[in-house]
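The values are calculated or read from the model by the stated rules, or taken from the named source; none is laboratory data. Please read all numbers here as calculations on a predicted model, not as lab measurements. Note that each Cβ is placed from the backbone with ideal geometry, even for glycine, and that neighbours are counted across all protein chains shown. The protein model used for the area step is the full one, side chains on, heavy atoms only, and it has no ligands, DNA or RNA in it. Shrake-Rupley method; radii C 1.70, N 1.55, O 1.52, S 1.80 Å.
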Amino acid sequence: AIINGDRRTRIRTYIKKVVTAINAGDVAVAEQAYKEAQPEIMRGVSKNILKKNTAARKMSRLSAGIKALKDKA
């Protein structure tokens with residue numbers, strides 16, 4: 001339970017980095033954070049911390065946020 005909690009916290013931290021960069025309007029930082037977050041999210045799926053569709057939804061929304069930033073710029 002402790003290990004899973006740590007993993008879940010790690011995943012949330014990576015996601016938060018992307019969201020923070022998107023909110024700040026920094027495309028380069030957001031893309032870099034997204035590249036780092038992706039494998040972390042997928043690792044959560046393989047360790048049964050996240051369901052596959054949940055991970056896909058989170059990645060899709062992050063990606064859409066980055067795309068919206070690019071389109072706006």
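Data overview
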| read-out | value |
| --- | --- |
| Inter-residue pairs, beta-carbon under 6 Å, first among the polar types (S, T, N, Q) and in segment 1-29, second open to solvent by less than 100 Å² (accessible area, probe 1.4 Å), 6+ apart | Asn4/Ile49 |
| Inter-residue pairs, beta-carbon under 6 Å, first under 16 Å from Asn23 (Cβ atoms) and in segment 42-71, second open to solvent by 50 Å² or more (accessible area, probe 1.4 Å) and not in a helix (DSSP H, G or I), 6+ apart | none |
| Verdict on Leu62 being out of contact with any Gly (no Cβ under 7 Å at 6 or more places or on another chain), at pLDDT 95 or above and either surrounded by fewer than 17 Cβ atoms within 10 Å (Cβ to Cβ) or of a type outside the set (Gly, Ala, Ser) (or both) | yes |
| Extreme residue, farthest from Ile66 (Cα to Cα), among residues of segment 1-54 that are open to solvent by less than 70 Å² (accessible area, probe 1.4 Å) and not in a helix (DSSP H, G or I) | Ile49 |
